[in-house]
Amino acid sequence: MSQNKGFYITTPIYYVNDIPHIGHAYTTLAADILARYMRLKGKKVFFLTGTDEHGQKVEKAARERGRSPKEHADIMVENFKTLWNELNIRNDAFIRTTDEEHKKVVSAILQKLYDKGEIEKRKYSGMYCTPCERFWTAKDLIEGKCPDCGRDVEYIEEENYFFLMSKYQNSLIDYIEKNPEYILPETRKNEVLSFLKNKPLGDLCISRPRQRLSWGIPLPFDENYTTYVWFDALVNYYSALNYLAPKNIEWWPPDHHLIGKDILITHAVYWSTMLMALGMPLPRNIFAHGWWTVQGAKMSKSLGNVVNPHEIIKKYGVDTLRYFLFREVSFGLDGDFSEEAIVRRINNDLANDLGNLLNRFLVMNEKYMNGQISPMWIDDDFTIQIKKLITEIDNEKLWDEFKFNIVLEKIWEAISLTNNYIAKTEPWKISKEDSEKLSLILFNIWNSIRIITVFLYPFMPDTAMKIWNALGLKSLKIDYNMLSWSIQLKEVKTEKIEQIFPRIQTKKDNESEQKIKEDNSKMQELIGIEDFMKIKLKVGKVIEAERIKGSEKLIKLIVDIGQQRQIVAGIGKSYSPEQLIGKSIIVVSNLKPVKLMGVESQGMLLAATASDGTISILTVDREVNPGAGIK
Ligand code: MSP
């Protein structure tokens, strides 16, 4: 490949009719992460995204709103541009299929293929799904409905233009088999191969009669027809280079077409054969990632479970979302989206591991070194291990194959290793006399965080910049040179900052906090033995008992506790005076006297209350002399 070949990465161009959700954000973020990493490594990058604006759905939606399709598209496209901005997406260009330059390229390509005999007019009949704008054969249908969207199809008979795709069936199989990285992941490659091997590939209908669809690019060789949206849309990957990419750099072939698994066949089969027919080199790779579901279900307007990225950003921050999407699930597989999972990632990975590492370091460096960093290049177990990890993370193959979750796992291994280094070396215990040792340890921690930050940058650009500045590196650009352990630096001064990821209170946190509070207040209610000893309990023998006039409850007792005492007790509903005489009861003998219904009570007897309100007097279970003390 030529020296002047730049790195070219694309996302699908999104239907302008949809409001972008977390799924659209996912593909665009993935492209952004890889583009940022490649730029860090000093590569020339062209990262393209955009919108797919032609077709029946846009035409219909515009009509319903009383707008022209272009006016409608102009409004809708802003939803994507705003979101990409909010998500910190640094695309190099944004293509719209309504761009005049794009339309010209589509026409030129159609003309070229027509002239080459790759396009033919034919009578055609088939089952047509209007929402999907696709023809299906009777065999494709599932219970008579569209196999993609499950809606009704209609039988249509008309003359149309066909791209003679079928003749490329074998060359495409051959190409995919010889280029194992052409379609990734492996499972998607196998899907395409079985699609191609199991049934004859048909030709592709690339036109719609103008009276049925007028919102699109007219066929240059027959104005009565409009170009099929997919043919128009796929060409964007090529047309953009004509008018949106920097010149004097070779961009073709693209390095990655990043797509969701839903549009694998259109890319792997339609696009590949279109390029073969044009005699153009095929992209290096088509990568189809998995889908995000919510509680296992596909996101859909009708289910009302579509995750709105703006809300997630507002609640948890952009970088948290960027981190979560690529840490939680292996890129390529499906994943289930939930806020609980986001909160778990924040509390464990971001607040606890990363946030704490940074804060502990910044506080110690300020306290012991006055914020200064003194570079020292002495290897110990830690530096050997961390350097090994750095080499593993900086493995272009991992990035190039979109193994984002593995890259992140390894970055977090480096974070843990550094946290363990702090725990093991206990810098706070190193005496001032050993300042050389303390300085080396703090430098090693600083250096490790510095490199971790470079790796974090493509995933979490804002966070990385905050850490970078706190490390005292404001004046330096984050780039590939910054991945070297033994970088020479002039004066660096670290600066303490607020926690970058404060913990989020969870229901569990609240519950355990509540429990601690309750336990604490119970602890406060506990009394010491000295308190208990203040209460003088004595055994007393009831000598007399009589009801107090006018009260159902109160009984006046004369009790012998070594001396006679008068006690008024509220036990009249559970005992008759007769039942009480002769009983040995327990009396609090040093209570201040009080008057109950005008009768003085010089103590209190102990009694338990059953759940039905019945009172049982405490007594001793052997004969004990009145006045005996109780402990
Ligand atoms: N316009 C076509 C693509 C033409 S490309 C030449 C299209 N547009 S789309 O708006 O429907 O976007 C589809 C893409 O959005 C998917 O391929 C995928 O990249 C992304 N996602 C949409 N929903 C998704 C999920 N629920 N989960 C993950 N990504 C999904 O198809």
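The values are calculated or read from the model by the stated rules, or taken from the named source; none is laboratory data. In this text the structure is predicted, and so the values were computed from the model without any measurement. We place every Cβ from the backbone using ideal geometry, glycine too, and count neighbours over all the protein chains shown. Please note that ligands, DNA and RNA were not included when accessible areas were found on the heavy atoms of the full protein model with its side chains. Shrake-Rupley method; radii C 1.70, N 1.55, O 1.52, S 1.80 Å.
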Here is a list: Asp232, Asp222, Asp203. Which entry is open to solvent by less than 40 Å² (accessible area, probe 1.4 Å), away from the ligand (no atom under 12 Å from the Cβ) and not hydrophobic (A, V, I, L, M, F, W, C)?
Asp222
Look through the stretch 208-251, keep the residues that are hydroxyl-bearing (Ser, Thr, Tyr) and under 20 Å from Met276 (Cβ atoms), and return whichever of them is farthest from the chain's Cα centre (by Cα).
Thr227
Just a yes or no: is a residue in the stretch 544-557 closer than 28 Å to Gly528 by Cβ and not aromatic (Phe, Trp, Tyr)?
no
Would you please name the residue that is surrounded by the fewest Cβ atoms within 10 Å (Cβ to Cβ), looking only at residues in the stretch 407-448 that are β-branched (Val, Ile, Thr) and over 15 Å from Ser374 (Cα atoms)?
Ile430
Would you mind stating whether Ala297 is within 11 Å of the ligand (Cβ to nearest atom), under 32 Å from the mean Cα position of the chain (by Cα) and loosely packed, with under 15 Cβ neighbours inside 10 Å?
yes
Output the number of the condition that Tyr323 fails; it satisfies all remaining conditions of (1) open to solvent by 10 Å² or more (accessible area, probe 1.4 Å); (2) of a type in the set (Ser, Thr, Tyr); (3) touching a residue at least 60 places away in the same chain (Cβ under 8 Å).
(1)
With criteria (1) in a helix (DSSP H, G or I); (2) surrounded by fewer than 16 Cβ atoms within 10 Å (Cβ to Cβ), Asn359 comes up short on (2)
Residues in the stretch 47-73 that are more than 18 Å from Asp232 (Cα to Cα), in a helix (DSSP H, G or I) and basic (Lys, Arg): how many?
2
Residue under question is Val559, and the condition is that it be open to solvent by less than 70 Å² (accessible area, probe 1.4 Å), over 30 Å from Ile393 (Cα atoms), touching a Pro at 6+ places or on another chain (Cβ under 7 Å) and in contact (Cβ under 8 Å) with a residue 24 or more places away in the chain; does it hold?
no
Look through Ile33, Ile13, Ile19 and report the one residue that is within 15 Å of the ligand (Cβ to nearest atom), modelled with pLDDT under 95 and either within 22 Å of the chain's Cα centre (by Cα) or part of a strand (DSSP E or B) (or both).
Ile19
The residue that is surrounded by the fewest Cβ atoms within 10 Å (Cβ to Cβ), considering only those in the stretch 264-281 that are touching a residue at least 12 places away in the same chain (Cβ under 8 Å) and away from the ligand (no atom under 15 Å from the Cβ), is Pro281
Could you tell me whether the stretch 57-66 includes any residue that is open to solvent by 10 Å² or more (accessible area, probe 1.4 Å), at pLDDT below 95 and within 13 Å of the ligand (Cβ to nearest atom)?
yes
Given the conditions (1) basic (Lys, Arg); (2) buried (at least 18 other Cβ atoms within 10 Å of the Cβ); (3) at pLDDT below 95; (4) under 27 Å from the mean Cα position of the chain (by Cα), which single one is not true for Lys41?
(2)
List the residue pairs whose Cβ atoms are under 7 Å apart, where the first residue sits in the stretch 302-319 and is in contact (Cβ under 8 Å) with a residue 60 or more places away in the chain, the second is of a type in the set (D, E, K, R), and the two are 6 or more positions apart or on different chains.
His310/Glu86; Ile313/Glu86; Val318/Glu86; Val318/Asp462; Asp319/Asp462
Could you check how many residues of the stretch 595-606 are open to solvent by 50 Å² or more (accessible area, probe 1.4 Å), at pLDDT 90 or above and hydrophobic (A, V, I, L, M, F, W, C)?
1
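For every residue, the table says whether it meets (1) without any contact (Cβ under 8 Å) to a residue 12 or more places away in the chain; (2) in contact with a helix residue (DSSP H, G or I) (Cβ under 6 Å, 6 or more places away or on another chain); (3) over 23 Å from Ala628 (Cα atoms).
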site	(1), (2), (3)
Val539	no, no, no
Ser576	yes, no, yes
Ile581	no, no, no
Val594	yes, no, yes
Glu600	no, no, yes
Criterion first (within 8 Å of the ligand (Cβ to nearest atom), of a type in the set (S, T, N, Q) and more than 14 Å from Ile249 (Cβ to Cβ)) does Thr27 satisfy it?
yes
Output for the stretch 370-390, where each listed residue is within 18 Å of Ile467 (Cβ to Cβ), assigned to a loop (DSSP other than H, G, I, E, B) and among the β-branched types (Val, Ile, Thr)
Ile373
Exactly one of Asp99, Asp32, Asp52, Asp74 is among the charged types (D, E, K, R) and touching a Leu at 6+ places or on another chain (Cβ under 8 Å), and that one is Asp32
Please specify each residue of the stretch 116-168 satisfying the condition of being polar (S, T, N, Q) and at pLDDT 90 or above.
Asn160, Ser166
Condition met for Ile249 (of a type in the set (A, V, I, L, M, F, W, C) and within 13 Å of the ligand (Cβ to nearest atom)):
no
Among the strands (runs of 3 or more DSSP E) confined wholly to the stretch 566-631, which include 3 or more residues that are more than 60 Å from the chain's Cα centre (by Cα) and β-branched (Val, Ile, Thr)?
584-588
Selection from the stretch 332-346 of residues open to solvent by 10 Å² or more (accessible area, probe 1.4 Å), touching a residue at least 40 places away in the same chain (Cβ under 8 Å) and closer than 17 Å to Met460 by Cα yields Val343
Could you pull out the residue among Lys367, Lys315 that is closer than 25 Å to Leu87 by Cα, more than 12 Å from the ligand (Cβ to nearest atom) and assigned to a helix (DSSP H, G or I)?
Lys315
